[in-house]
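One structure is given here, and the rest of the page talks about it.
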Amino acid sequence: MNALLIILIIALVISGAGLIVFIMLHSGKGTGISDAIASSLYNSSTGTSIIEKNLDRITIVFAIVFIVSLVLLMIVYPKGTIG
């Protein structure tokens, strides 16, 4: 295996796992049951905007790394030429 292939696959796996984790950490924006339960547990107006902004930024970085590594894998190794 090529060193470039290993680096791209590692970047793809780590960014994919990071996307899953950070998307799941986002708070719900709806008015459903989960929002009603969450609003009764804590006050959502105290300092969560900074946390949400940072969470959005981290999610965007993981998404960009995921897309770039996926496109680079498609360009460098087209049609299953790995192997």
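The values are calculated or read from the model by the stated rules, or taken from the named source; none is laboratory data. Keep in mind the model is a prediction, meaning the values are calculated, not measured. Counting neighbours? That spans all protein chains shown, and the Cβs are built from the backbone with ideal geometry, glycine included. Surface accessibility is based on the protein's heavy atoms, side chains included, excluding ligands, DNA and RNA. Shrake-Rupley method; radii C 1.70, N 1.55, O 1.52, S 1.80 Å.
A few remarks follow.
- Near I50: Cβ cut-off under 15 Å, other residues only, Lys/Arg at +1 and Asp/Glu at -1. The net charge is 0.
- FRET E, pair L5, I67, Förster distance 22 Å, beta-carbon r, rounded to 0.05: 0.80
- Projecting label points 7 angstrom from Cα along Cα→Cβ for I60 and V76 puts them 2.7 nm apart.
- Ranking by accessible area, most exposed first, for M24, M74 with a 1.4 Å probe: M24, M74
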